[in-house]
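The structure appears right after this line, and notes come after that.
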Amino acid sequence: NAGVTQTPKFRVLKTGQSMTLLCAQDMNHEYMYWYRQDPGMGLRLIHYSVGEGTTAKGEVPDGYNVSRLKKQNFLLGLESAAPSQTSVYFCASSYGTAKETQYFGPGTRLLVL
Amino acid sequence: KNQVEQSPQSLIILEGKNCTLQCNYTVSPFSNLRWYKQDTGRGPVSLTIMTFSENTKSNGRYTATLDADTKQSSLHITASQLSDSASYICVVFSGGYNKLIFGAGTRLAVHP
């Protein structure tokens, strides 16, 4: 039981490049989330999904897209990376709504030059 | 405005000592409050989750308290260990907005 895994662990991009972050969970959770964590700030919700085939915008969705084609996977895409997207990205999942405990992945550190 | 504020921002203590971290929130309506521990380079891990009716909850050497009237919570760590060095994040869930509001965290360093 690996819990929540994220790939890659670290990535460097040039401005304008695109990339996809992959999140996978093996706990059969319905809800999945993408957050970003910046120094001195709390985690901020980018997008979330309440089930396979559904996605919704969070607090800071601009510049990101997501897809949930399979229940266990939640992908976060950056179409044209900007330096402001330099951050640590965390994926999380929960069995039910955000009212319940969320389980976080180890994070992906992204540097956009 | 829904906010969660934590204090202090950072704290250094000696191994074996106790410490208390504070969390004040202005979130309304309130559903529950949770404390997470985040080791450097890792994702947050849940320590406790408390609802409106719970005043105290323990998880080993970690004890969280909640005063829903004053909108304050604290996390008390007893007999600290080097492995307690981490960031501790307070998070409030607002059922009305179906939203989690995260504090910026307190960075704790336990020195030998």
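Residues of the range B:1-52 that are within 11 Å of chain A (Cβ to nearest Cβ), farther than 21 Å from A:Pro39 by Cα and not hydroxyl-bearing (Ser, Thr, Tyr): B:Asn32, B:Leu47, B:Ile49. Of the set (1) more than 12 Å from chain A (Cβ to nearest Cβ); (2) farther than 17 Å from A:Pro39 by Cα; (3) in a strand (DSSP E or B), all apply to B:Leu108 but (2).
Of the listed requirements (1) away from chain A (no Cβ under 14 Å); (2) of a type in the set (D, E, K, R); (3) more than 25 Å from A:Asp38 (Cα to Cα), B:Asp84 misses just one: (3).
Out of B:Ile77, B:Ile13, which single residue is more than 28 Å from A:Arg109 (Cα to Cα) and surrounded by fewer than 18 Cβ atoms within 10 Å (Cβ to Cβ)? Exactly one residue qualifies, and that residue is B:Ile13. The residues of the range A:95-113 that are over 14 Å from A:Arg11 (Cβ atoms) and more than 10 Å from chain B (Cβ to nearest Cβ), listed by number, are A:Tyr95, A:Gly96. Contact annotation: residue pairs with Cβ atoms under 7 Å, 6 or more positions apart or on different chains, pairing a residue in the range A:38-59 that is facing chain B (nearest Cβ under 9 Å) with a partner that is part of a loop (DSSP other than H, G, I, E, B), are A:Gly40/B:Ala104; A:Met41/B:Ala104; A:Gly42/B:Gly103; A:Gly42/B:Ala104; A:Arg44/A:Glu59; A:Arg44/A:Val60; A:Leu45/A:Gly58; A:Leu45/A:Glu59.
Considering every residue within the range A:11-34, establish whether at least one is surrounded by 14 or more Cβ atoms within 10 Å (Cβ to Cβ), small (Gly, Ala, Ser) and away from chain B (no Cβ under 14 Å). For the range A:11-34, residues surrounded by 14 or more Cβ atoms within 10 Å (Cβ to Cβ), small (Gly, Ala, Ser) and away from chain B (no Cβ under 14 Å): absent.
In the set (1) assigned to a strand (DSSP E or B); (2) closer than 27 Å to B:Thr106 by Cα; (3) hydroxyl-bearing (Ser, Thr, Tyr), the condition left unmet by A:Thr101 is number (1).
Inspect the range B:62-73 for any residue being touching a Ser or Thr at 6+ places or on another chain (Cβ under 9 Å), under 25 Å from B:Glu15 (Cβ atoms), modelled with pLDDT of 95 or more and exposed (fewer than 14 other Cβ atoms within 10 Å of the Cβ) and give the result as yes or no. Scanning the range B:62-73 turns up no residue that is touching a Ser or Thr at 6+ places or on another chain (Cβ under 9 Å), under 25 Å from B:Glu15 (Cβ atoms), modelled with pLDDT of 95 or more and exposed (fewer than 14 other Cβ atoms within 10 Å of the Cβ). Taking the range B:1-104 as the region of interest, the strands (runs of 3 or more DSSP E) fully inside it that hold 2 or more residues being among the basic types (Lys, Arg) are B:32-38.
The values are calculated or read from the model by the stated rules, or taken from the named source; none is laboratory data. Just so it is clear, the model here is predicted, and its values are computed rather than measured. Every residue, glycine as well, gets a Cβ built from its backbone with ideal geometry; the counts of neighbours run over all protein chains shown.
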